[in-house]
Amino acid sequence: MADHSHSHPPLPATPEEGWKREGVRVIPGDSLDHNTAQTPGMERAAAINFARVGAQKLWAGTVHIHPDAKTGAHHHGHLESVIYILKGRARMRWGEKLEFTAEAGPGDFIFVPPYVPHQEINASADEKLECVLMRSDSEAVAINLPDLEPIEKPETVKWIDPTHTH
């Protein structure tokens, strides 16, 4: 994990100046940073990270996958990831051979635990998949797995809420 504690500037002496420069930051959608770890088949853009706002414990940005496209298999090391679907239909595959699958649409959240090999797929042939992506550290980790051989027919997995038994 990156140690950024020494490189973040201290707050200015006056509280007004401190809150003004080091308080809430609004990052316009048209000024995201595309110079971040990429995976073939998708476009990631950073909104929140250490370099842009001094974030210590999270990374947030967007991801777009073109119609009928899919990423290569990859994982994000020790990071937890959350994907929120804005537009389109996502199909996720995961596992040692991408043997499991589930789909998500607008308003759905996807949780990806650390080190889980996975693949994002745009399940639509004519609509771009647009998502918000959040990770549990300010570093952008994407480890591509080009040698992973996916099985042909993955098993569909439905989520069961452990906090609300029916």
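How much accessible area per residue does the stretch 3-152 have, in Å², with a 1.4 Å probe?
Values: 8300 Å² over 150 residues.
With the other protein chains kept in place, the stretch 3-152 gives 55 Å² per residue.
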Sulfur and carbon atoms: percent of accessible area, the chain [1.4 Å] = 57 percent
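Can you pull the percent of Cα pairs in the chain with separation above 22 Å? Display every interim value, and only then the final one.
Values: 6634 of 13695 pairs.
Counting pairs separated by more than 22 Å, the tail of P(r) holds 48 percent.
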inquiry  = Using the crude model of +1 on Lys and Arg Cβ and -1 on Asp and Glu Cβ, and no other charge, please compute the dipole size for the stretch 58-166 relative to its Cα centre, in debye to 20.
reply    = 180 debye
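State, to one decimal in nm², a quarter of the convex hull surface area for the C-alpha atoms of the stretch 34-100, i.e. the direction-averaged projected area.
Details: hull surface 21.5 nm².
About 5.4 nm², averaged over all directions.
The values are calculated or read from the model by the stated rules, or taken from the named source; none is laboratory data. Computed from a predicted model, the values in this text were never measured in an experiment. Heads up, the Cβs are rebuilt from the backbone with ideal geometry, glycines too, and the neighbour counts pull from every protein chain shown. SASA here: full protein model, heavy atoms, side chains in, ligands and nucleic acids out. Shrake-Rupley method; radii C 1.70, N 1.55, O 1.52, S 1.80 Å.
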